[in-house]
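Just below is one structure, and these are the notes that go with it.
Readers should treat all values here as calculations from the given coordinates under stated rules, not as data from a laboratory. None of the values given here were measured: they were computed from a predicted structure. Neighbour counts run over all protein chains shown; Cβ positions are idealised from the backbone, glycine included.
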Amino acid sequence: MTLWGGGFEERPSDLLWQFTVDRSDRRLLVDDIRGSLAHVAMLGAVGVLDEDETAGIATGLETLLAEAEAGEFVWSDGDEDVHTAVERRLTELIGDAAGKLHTGRSRNDQVCLDLRLYLRRAADERVVQIAELANVLAALAEEAGDTVVASYTHVQQAQPVPLAHHLLAYAWMLVRDRDRFRDAYARIDVSPLGAGASAGSRLPLDPHLTADSLGFRGAFANSMDAVGSRDFVAEYVFCCAQSMVTLSRLAEEMVLWATEEYGWVTYSDSFTTGSSAMPQKKNPDVAELARGKTATVIGDLNTLMTLQKGLPLTYNRDLQEDKRAVFHADDSLALALAAIGGMLESAVFHPPPPSSMVTALDLAEVLVERGIPFREAHEAVGGLVATLVAEGRKLADATAGELETAHVQLVPGDLAILTPEGSVEARATAGGGSMDSVRTQLTQLRAALR
Ligand code: ARG
């Protein structure tokens, strides 16, 4: 069934049907019915429908809603889209009275409404899920205690830090990813219902009434903008893509950590996969797929941006493609958050101590504390490190003579305190890699996640 056959003399060709019908909107069923319930109540309140008509349609829609929520709604191959399916089923239930439901409405404002209702719920879910993953990281940070690892720049060992500090860096990234969904929510949370096809209606519709009854923070200010804009969808997909990018970076590290070369972590068997060929392998496929799926979600963002760029106002059928992209992006993120969370929860950390050279900067800073210009200190310690590295020795192996040669102000006692642990203990920067900072961060993070 179509909603537009009146002026047509031929039936739609099979090819037109194949090409234009996209069943991915079926997941908007419940939202479509809820939107219709609000619409019909508004039509009754402003007197466009009388009391009996309003009650008759609303009762039919309630029955339909129950069917949909119970998963018992029966689709027909002939339904052009979710909106048509609802009207078809309503007609089966209440007869010709269903013909008044679409009064003062177009599928253009309707589909936009459905998607906004759907994405409000999805955003709420992602906000909760992202916070859960941040909490997993916080718990791992707590478990890590005062274990020290190297921080890396350029994938080269840099300065020693508490393992907890490294893990919490991801938790903070996730807090911003979560907040981004909250920010996007505000722009999703505007009702387009009443905009009609493009310009509203001569009937006395009340867009604010439907906006209120559906819990929106407001209604559209311009009907053409309301039916023709999809920046709220693109922004949602950006939130998904950026969150996936965070997960992808974390996933990349989860892969590295589990290598024999890093030796930081072991994941439980239930979160690794085997090799069909090499019996010794336990592969971090979950992390690899999170990284891989990120590429496809970035593709969805590209779809949304490209979809909008050449579109004249107002609604154009191109916009139908927004749903595939946003559903794919959102589904991918939802699953990746859960899977990465499960894999991380199964992690047992056992990182080896960092190289002794990670305290080279501390040694230079000791000289700075004794009044030496940093440039001179850097040069002196750099020379010492070069000699030791060439001989395959550790920083702690430097003799009193070598220290004095490097700089007259250096003494063996400096090396005794400049272990990786000693370096972390002496770290003074707020928010830096010290246990004090980790404790503060955990408190701040718990507050942010509450
Ligand atoms: N399936 C369409 C979409 O997703 C619904 C709106 C159709 N509107 C129209 N004028 N053909 O965008």
- Message: Give me the helices (runs of 4 or more DSSP H) completely within region 332-450, filtered to those with at least 1 residues that are within 29 Å of the chain's Cα centre (by Cα), ordered by residue number.
- Response: 435-449
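Of everything in region 317-331 that's touching a residue at least 12 places away in the same chain (Cβ under 8 Å) and surrounded by fewer than 17 Cβ atoms within 10 Å (Cβ to Cβ), which residue is farthest from the chain's Cα centre (by Cα)?
Of the residues in region 317-331, the ones touching a residue at least 12 places away in the same chain (Cβ under 8 Å) are 317, 319-330.
After this cut, where a residue has to be surrounded by fewer than 17 Cβ atoms within 10 Å (Cβ to Cβ) as well, the list is 317, 321, 324.
Details: 317: 27, 321: 21, 324: 17 Å.
Only one residue tops the list, namely 317.
Filtering region 98-157 down to residues that are among the hydroxyl-bearing types (Ser, Thr, Tyr) and under 30 Å from residue 84 (Cα atoms), which residue is surrounded by the most Cβ atoms within 10 Å (Cβ to Cβ)? Talk me through it step by step, then tell me what you get.
Here is the first cut: in region 98-157, the residues among the hydroxyl-bearing types (Ser, Thr, Tyr) are 103, 106, 118, 147, 151-153.
Add one more test, that the residue is under 30 Å from residue 84 (Cα atoms), and what stays is 103, 106, 118.
Numbers: 103: 16, 106: 18, 118: 22.
Only one residue tops the list, namely 118.
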- Message: Is it the case, given these coordinates, that residue 312 is in a loop (DSSP other than H, G, I, E, B) and more than 16 Å from the ligand (Cβ to nearest atom)?
- Response: no
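Give 164, 186, 195, 171 a once-over and let me know the one that is closer than 29 Å to residue 42 by Cα, small (Gly, Ala, Ser) and surrounded by 20 or more Cβ atoms within 10 Å (Cβ to Cβ).
Details: 164 fails: closer than 29 Å to residue 42 by Cα; 186 fails: surrounded by 20 or more Cβ atoms within 10 Å (Cβ to Cβ); 171 fails: closer than 29 Å to residue 42 by Cα.
It is 195.
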- For the subset of region 280-302 comprising residues that are crowded, with 19+ Cβ neighbours inside 10 Å and within 20 Å of residue 229 (Cα to Cα), which member is farthest from the ligand (Cβ to nearest atom)? 301
- Single match in 190, 148 (criterion: among the hydrophobic types (A, V, I, L, M, F, W, C), touching a strand residue (DSSP E or B) at 6+ places or on another chain (Cβ under 6 Å) and over 24 Å from residue 261 (Cβ atoms)): 190
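I'd like to check which helices (runs of 4 or more DSSP H) are fully inside region 1-117 and have at least 2 residues that are within 16 Å of the ligand (Cβ to nearest atom). Show your work before the answer.
On the way: elements: 14-20, 29-45, 51-69, 82-94.
Of the helices (runs of 4 or more DSSP H) lying wholly inside region 1-117, those with at least 2 residues that are within 16 Å of the ligand (Cβ to nearest atom) span 14-20, 29-45, 82-94.
Does residue 119 fit the bill of being of a type in the set (A, V, I, L, M) and under 19 Å from residue 441 (Cα atoms)? Write out each step before concluding.
On the way: of a type in the set (A, V, I, L, M): yes; under 19 Å from residue 441 (Cα atoms): no.
No; evaluated as a whole, the condition is false for this residue.
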- Qualifying positions in region 195-232 - free of Cβ contacts under 8 Å to residues at least 12 places away in the same chain, part of a loop (DSSP other than H, G, I, E, B) and either of a type outside the set (S, T, N, Q) or touching a Leu at 6+ places or on another chain (Cβ under 8 Å) (or both): 202, 215, 221
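Within region 233-286, can you find the residues that are of a type in the set (Asp, Glu) and part of a loop (DSSP other than H, G, I, E, B)?
From region 233-286, those of a type in the set (Asp, Glu) are 235, 252-253, 260-261, 269, 285; that's our starting set.
The answer is 260, 261.
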